[in-house]
């Protein structure tokens, strides 16, 4: 009884905004709906870490080494304490190479002073909270995904629209650039850009050291890593969207409403922004949701190669640490980061698929 | 068809030139002077000069205009741009050996891992896609689709680590990491990287090929063939497979850079002395000659592979050459 009524409501395009219809469809698809909630939760967690309340655990700027050691890397328990929900019987064997600290001084120093939340997911090699590492990893992962996406989407959209709308020599040049950039395998170009950026940062750093005190302030190493990763990813990942947008604009340009706008004498920037851009936003949204997955995953790969994040808490660093830990039975840091990435990427993948199905069924193929 | 192939080959020239310009812009224009990076900014000009001479950095970047004016054409084109363009790479500043020699010594090891990964992965993806096409909408289809989405979401590095832990540390089936001497010894070490790599890369391709096979399976020519009495098996292997080859070719080319990333990560995690590790080491050592050479060389190889696929298209589907 209920289902047909729902369908007619859905199929009726009148009286509902595009956004409203999208929300209704989202509500009708449980997997996509749950995915959207999960992504929203990650974003909220990532944003919450900017609140001053959380500074007890982290000073992410790392400008002051002492502050950094004291706060961000706060020691909350003994080394490699397993998650608090696991029984203590499952504790890992002591490392035979490192003699355990003995004497009153050592034990007094090692007294765990973290609360239950700090110890929820156990501790890492120095006794720092894995839980807070995951939380701050969210912030770094989302920062990378959002800024790199903004960069790549902007480049891709602008070049795609220009190539598609103007055609001719502009199109030829942009297509040549796109072909060139896509001819260098993605990871290779990313590494090359990171290599160059790192060398430049090194020179800037040594210049800053030579300069009289107080005249210049070098950015902290953590920011430099992040900058290099974001720039490299943003500058290499725009070609796919550029091709899509160009193809779409080529056909939009010939439609009646654009021809009418041109005949009415509207100037070109206005046509581009008011008539063309709104009709390619779906491509941008789809590329954003599916591209964010790639950015989150690429951070892990780059960090593992030693060219990603080194001075900020990130999921990639947790997995990188786990290279040696996992074989010794310390699984919680690895599991926490892997699950955090897995859930986010799964949600983004499902949400991206949903958006693609709803906004542009042609991209989907015969599913 | 001949005209198409010639046109396609000519189209590669601007792309290769573009790749060269891009590499050159990154490593020669944007990169700080390697002599200063290597020797420090307080080094004496004489030492810097000899360093530049040793690694060919004293040559002009684009063209030797003074030589060009005096008519020495050969000398005029002896610049860093044209040397790189013609694959005359310099010496690695870290290993103090020619870059090409270093790369060629390491490349076969990477190929020995990535070659089998590529072949096994493609074969399995196609097999699964063809097989589950007859189960559309039922549980095997659902399971495969679910597994591919799960596989696409898990970080690849985590998968490698899990493989090392399960098959290496727990079950003792394979050595955890390392590399051997001699063919049979190496197979033992290569097995686990190949296994986890194939497993990790299956997801995206399987899902894509499933869509493609289903699309072909429901088209008119298959229905006609079936109504003439062609068996389902023959329809799949003769009619569908041939038409699926075009998307397969396209997807194969886009998957190649993924193999490269696999080489970088695998070789680091499994301590395989291949070209991927060489590149990562070179970045750490600020060995710009080596990084630039590897980037340019692999990009040109990739361009050529794209060219070969485009020519293969015409063999699979002659309609392509009409464009």
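Where a number appears in this text, it was derived from the coordinates with a stated rule and is not lab data. These figures come from a predicted structure and were not determined experimentally. Ideal geometry is used to build each Cβ from the backbone, glycine not excepted, and the neighbour counts take in all protein chains shown.
Ordered by the number of other Cβ atoms lying within 10 Å of each residue's own Cβ, fewest first, B:314, B:86, A:236, A:123 fall into the sequence B:86, B:314, A:236, A:123. Note on residue B:11 and residue A:17: the model spin-label points, each 7 Å out from Cα along the C-beta direction, lie 4.3 nm apart. Packing, as the average of other Cβ atoms within 10 Å across residues, places the peptides A:28-35, A:264-271, B:287-294 in the order B:287-294, A:28-35, A:264-271, highest first.
Shape class of chain B from the alpha-carbon gyration tensor: oblate, with a/c at 1.5 or above and b/c at least as large as a/b. With angles folded into 0 to 90 degrees, how steeply does helix B:275-284 sit against the dominant principal axis of chain B? Use alpha carbons for both and round to 10. On a 0 to 90 degree scale, this one is about 40.
For segment B:172-204, list residues with backbone N below 17 Å from a point placed 7 Å from the Cα of residue B:131 toward its Cβ? The answer is B:198-204, whose backbone nitrogens lie closer than 17 Å to the label point. Given R0 = 41 Å, the distance between the Cβ atoms of residue A:339 and residue A:169 translates into a calculated FRET efficiency of 0.20. Full extension of the chain between residue B:170 and residue B:223 yields a length gain of 14.0 nm, computed as 0.36 nm times the residue separation minus the alpha carbon distance. Looking at the calculated P(r) for segment A:218-367, what percent of the C-alpha pair distances fall above 23 Å? Tail of P(r) above 23 Å: 55 percent of Cα pairs. Taking the fewest neighbouring Cβ atoms within 10 Å as the starting point, the ordered list for B:284, A:50 is A:50, B:284. Look at the Cα gyration tensor of segment B:257-309: its axes a ≥ b ≥ c give a/c of at least 1.5 with a/b at or below b/c, and that counts as oblate.
Compute the FRET efficiency between residue A:259 and residue B:25 as 1/(1 + (r/R0)^6), taking r as their Cβ-Cβ distance and R0 = 35 Å, and round to the nearest 0.05.
The value I calculate is 0.30.
Taking the Cα centroid of segment A:228-273 and of segment A:289-316, what is the distance between the two, rounded to the nearest whole Å? Here the answer is 30 Å between Cα centres. The ellipsoid equivalent to the alpha-carbon distribution of segment B:173-323 has semi-axes of 39, 22, 12 angstrom, derived from the gyration tensor eigenvalues as √(5λ) and listed largest first. Using 1/(1 + (r/R0)^6) with R0 = 22 angstrom and r between the beta carbons of residue B:95 and residue B:61, what's the FRET efficiency to the nearest 0.05? About 0.35, to the nearest 0.05.
Using the Kirkwood formula on the Cα atoms of segment B:63-207, what hydrodynamic radius do you get, in angstrom to one decimal?
19.5
Note: segment B:167-251, Cα convex hull, 150 Å³ per residue. Here is how the number arises for chain B: DSSP H runs of 4 or more residues each give -39500 (n - 2.57), the sum is divided by the residue count, and the result at 222 nm is -22500 deg cm²/dmol.
Once the chain from residue B:36 to residue B:147 is taken as fully extended at 0.36 nm per residue, the excess over their C-alpha distance is 34.8 nm.
The C-alpha atoms of chain B define a longest principal axis, and helix B:45-54 lies at about 50 degrees to it.
To the nearest 10 degrees, how steeply does helix B:183-217 sit against the main Cα axis of chain B, on a 0 to 90 scale? Tilt relative to chain B: about 60 degrees.
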